[in-house]
Amino acid sequence: IAGITQAPTSQILAAGRRMTLRCTQDMRHNAMYWYRQDLGLGLRLIHYSNTAGTTGKGEVPDGYSVSRANTDDFPLTLASAVPSQTSVYFCASSSVTGNEQFFGPGTRLTVL
Amino acid sequence: DQQVKQNSPSLSVQEGRISILNCDYTNSMFDYFLWYKKYPAEGPTFLISISSIKDKNEDGRFTVFLNKSAKHLSLHIVPSQPGDSAVYFCAATYSGNTGKLIFGQGTTLQVKP
């Protein structure tokens with residue numbers, strides 16, 4: 001593994017189903033982030049974690065939850081998916097002192 | 001409330017010419033600005049950044065200019081190459097924001113051969 005990996009690459013999901021998007025980094029970065037990218041809106045922060053064991057809400061947290069059990073993994077869960085959560089989701093990480101964030105390749109999620 | 005705005009959704013330039021991408025912000029607390037480049041089906045990659053204590057930062061063909069009084073920054077690419085065709089996002093943050101970035105909507109740059 002080099003950098004950040006995300007799984008799955010893409011997913012089609014029925015509304016009301018539960019879904020977990022996975023994110024793993026091997027850079028030993030303390031901070032991790034989840035964004036969604038929507039046309040005309042850019043990237044919007046969903047949740048973040050500054051260090052293992054802590055999480056915080058971003059701009060658009062409703063309908064999503066995260067956990068940070070260890071440094072490397074930062075899964076994003078949709079408890080009951082809705083069509084408005086159709087988007088491309090990006091995971092990112094950064095060192096605690098750095099502003100530059102490194103992004104994963106993204107997960108394209110379609111909720112029908 | 002869009003704190004970081006990229007008002008031009010798209011830009012088309014000829015190979016070899018200058019590309020100028022613009023970004024405006026409203027939050028006076030922002031003190032660090034970044035540009036990211038994104039190709040289709042890939043994650044954004046960091047391109048260049050600038051601190052508010054500077055008004056210019058240069059890295060090869062890429063230069064970012066910051067005008068704090070106008071709350072405006074721009075990315076200049078000279079000379080533009082077809083491989084520069086991508087979506088460009090500007091982003092901003094401030095000390096004490098624990099690294100959280102606020103992104104603009106993005107500008108799609110097309111460089112024609």
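The values are calculated or read from the model by the stated rules, or taken from the named source; none is laboratory data. As the structure is a prediction and not an experimental result, all values here were calculated from the model. Here the Cβ positions follow ideal geometry from the backbone for every residue, glycine too, while neighbour counts run over all protein chains shown.
Here are the criteria: (1) facing chain B (nearest Cβ under 9 Å); (2) more than 10 Å from the chain's Cα centre (by Cα). Tell me which single one A:CYS91 does not satisfy.
(2)
Considering only region B:1-49, state which residues are aromatic (Phe, Trp, Tyr) and either out of contact with any strand residue (DSSP E or B) (no Cβ under 9 Å at 6 or more places or on another chain) or over 25 Å from A:ARG108 (Cα atoms) (or both).
Within region B:1-49, B:TYR25, B:PHE30, B:TYR32, B:PHE33 qualify.
Can you tell me which of A:GLY40, A:GLY63, A:GLY16 is modelled with pLDDT under 95 and surrounded by fewer than 22 Cβ atoms within 10 Å (Cβ to Cβ)? Break it down into steps so the answer makes sense when it comes.
Details: A:GLY63 fails: modelled with pLDDT under 95; A:GLY16 fails: modelled with pLDDT under 95.
Going through A:GLY40, A:GLY63, A:GLY16 in turn, the sole match is A:GLY40.
Sort out for me the strands (runs of 3 or more DSSP E) sitting completely within region A:56-112 that have 1 or more residues that are of a type in the set (A, V, I, L, M, F, W, C) and over 23 Å from B:PHE89 (Cα atoms).
A:64-66, A:76-78, A:107-111
Counting residues that are in contact with a Ser or Thr (Cβ under 9 Å, 6 or more places away or on another chain), within 13 Å of chain A (Cβ to nearest Cβ) and at negative phi, which strands (runs of 3 or more DSSP E) fully inside chain B reach at least 3?
Result: B:32-38, B:86-93.
Any residue in region B:65-72 that is surrounded by fewer than 19 Cβ atoms within 10 Å (Cβ to Cβ) and among the aromatic types (Phe, Trp, Tyr)?
yes
Report yes if some residue within region B:73-93 is surrounded by fewer than 13 Cβ atoms within 10 Å (Cβ to Cβ) and polar (S, T, N, Q); otherwise report no.
No; the residues of region B:73-93 include none that is surrounded by fewer than 13 Cβ atoms within 10 Å (Cβ to Cβ) and polar (S, T, N, Q).
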